[in-house]
1. Given Cα pairs under 8 Å that are at least 6 residues apart, what percent is the relative contact order of the chain?
2. Once ligands and nucleic acids are excluded and a 1.4 Å probe is used, how much of K84 is accessible, expressed in Å² to the nearest 10?
3. Using Cα-Cα distances under 8 Å and only pairs 6 or more residues apart, what relative contact order does the range 67-151 have, in percent?
4. Which whole-Hz ³J(HN,Hα) couplings does the range 45-55 yield from phi under the Karplus relation 6.51 cos²θ - 1.76 cosθ + 1.60, θ = phi - 60°, glycine and proline marked x?
5. Below 8 Å, C-alpha to C-alpha, sequence gap of six or more: please give me the relative contact order for the range 88-201 in percent.
6. Over 31 Å between C-alpha atoms is what I'm after, so list which of K61/K121; K16/K130; K3/K151; K121/K252; K121/K156; K130/K254 land there.
7. Scan the range 39-141 for GluC sites (Glu not before Pro) in coil per DSSP, keeping those whose Cβ has at most 10 other Cβ atoms within 10 Å, and list them by number.
8. With a probe of 1.4 Å, find how much accessible area the range 4-271 has per residue, and write the answer as a whole number in Å².
Amino acid sequence: MNKKILLVNDMPGYGKVALSAMTPILSTMGHSLFNLPTALVSNTLDYGKFEIMDTTEYMEKSLQIWEELNFSFDCISTGFIFTKRQVELILQYIEKKKTQGIFVMVDPIMGDQGKLYNGVKEETVDNMRKLSSVADVMVPNFTEACFLARKYVGQKTISLEEVKDLIQLLLSNGAKSIVITSIETEDNQHYVCGFDSKTQDYFFLPYDHIPIQFPGTGDIFSSILLGNLLHEYSLTESVQKAMNVVYEFILKNKDNQDKFRGIAIEEGLSLIK
């Protein structure tokens, strides 16, 4: 069954990340997409120079109008959140809609490779911790999970037992299910790990690491994951499908000269099963 999804994320002018990556993927999967941009960003942050326009006031007025018009959604998926006030607005909206059974996925976009992204401040960690507390599924990468849990920050590798500890710290904050990407163990194995609240089981899914960096691969992953969850696949099935698609997207784009632009989404939509 196809769902109405509200995407809360930034909108880039140049680069296939955030809303410009998620919208074509989830549309291809048959869902109806609605957007609430948290910021207008000139280009991906990887270029080093960028302009960001704060859309907090627009968000507040849009949500008020949507309430007056009685708009409804089956799911809300959050990504890059620009201000504390935006987190407050989203939390208030989710609180109102939770009684209607809205499904919440939070991708706490903050950083990677042991550090926060360009332009992301420490206060963002606290904001994302609050937002993640209401998630049905939270999808951080390893760096973001460490910042949220206040443990293992800066650590490049981790044991699978430590991953369980990390997951428990995240669960204690309120999220129901956890999916952590980009985990590397001491023996150089790579995993996506998590905890499924429905089965009460941990999972550790290995993958072959391609040593190429693209912005937006997390957005691709979370889109495929969400699209399949809403088609009622299990969490581990949805994670594996997302892993497979991201792997194929990276292989298809590995020779791109300008990798800061991100993955050529529209050219690879046939990869989405």
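The values are calculated or read from the model by the stated rules, or taken from the named source; none is laboratory data. Since we're looking at a predicted model, the values are computed, not measured. Glycine gets a Cβ as well: all are built from the backbone with ideal geometry, and neighbour counts include every protein chain shown. Please note that ligands, DNA and RNA were not included when accessible areas were found on the heavy atoms of the full protein model with its side chains. Shrake-Rupley method; radii C 1.70, N 1.55, O 1.52, S 1.80 Å.
1. 18
2. We get 110 Å² for K84.
3. Relative CO of the range 67-151 lands at 34 percent.
4. Each residue of the range 45-55 in turn: 5, 4, 5, x, 10, 6, 10, 10, 9, 6, 10 Hz.
5. 24
6. K3/K151; K121/K252; K130/K254
7. Qualifying residues, ordered by number: E51, E122.
8. 46
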